[in-house]
Amino acid sequence: MQHYLNAIITAPIDDGGRLLTPTTGIPRRSPISPFLAALYLTPLDQAFDPHPGVFYLRFMD
């Protein structure tokens with residue numbers, strides 16, 4: 001799984017005809033971005049779970 005994540009995160013980006021290889025972060029519009037965001041925010045979701053009177057909504061696209 002780590003191999004596939006690394007392949008997606010470090011895939012070259014087309015910048016108007018130039019291929020750039022990212023060295024940090026996750027490229028914008030990457031298909032993996034929403035998945036990683038959901039994974040990162042799961043503890044926050046769980047922190048709100050025991051509080052039924054608190055309205056909590058998260059949106060990702």
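The values are calculated or read from the model by the stated rules, or taken from the named source; none is laboratory data. Please read these numbers as outputs of a predicted model, since none were measured by experiment. Methodologically, a virtual Cβ is constructed for each residue, glycine included, from the backbone with ideal geometry; neighbour enumeration extends over all protein chains shown.
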Fill in: Count - residues of the range 1-44 that are within 18 Å of residue 61 (Cα to Cα) and touching a strand residue (DSSP E or B) at 6+ places or on another chain (Cβ under 8 Å)
1
Worksheet, complete the sentence: Within the range 1-17, residues being in contact with a Ser or Thr (Cβ under 7 Å, 6 or more places away or on another chain) and not in a helix (DSSP H, G or I) number 2
Discussion item. List pairs: first residue in the range 18-47 and more than 20 Å from residue 1 (Cβ to Cβ) and in a loop (DSSP other than H, G, I, E, B), second residue at pLDDT 85 or above and not β-branched (Val, Ile, Thr) anywhere in the structure, Cβ distance under 7 angstrom, at least six positions apart or on different chains.
Written reply: 21/12
Response to the item:
Taking the range 45-56 and keeping only residues that are under 27 Å from residue 31 (Cβ atoms) and either acidic (Asp, Glu) or modelled with pLDDT under 90 (or both), one is left with 45, 56
Discussion item. When you check residue 58 against the structure, is it surrounded by fewer than 11 Cβ atoms within 10 Å (Cβ to Cβ), on the phi > 0 side of the Ramachandran plot and not in a helix (DSSP H, G or I), yes or no?
Written reply: no
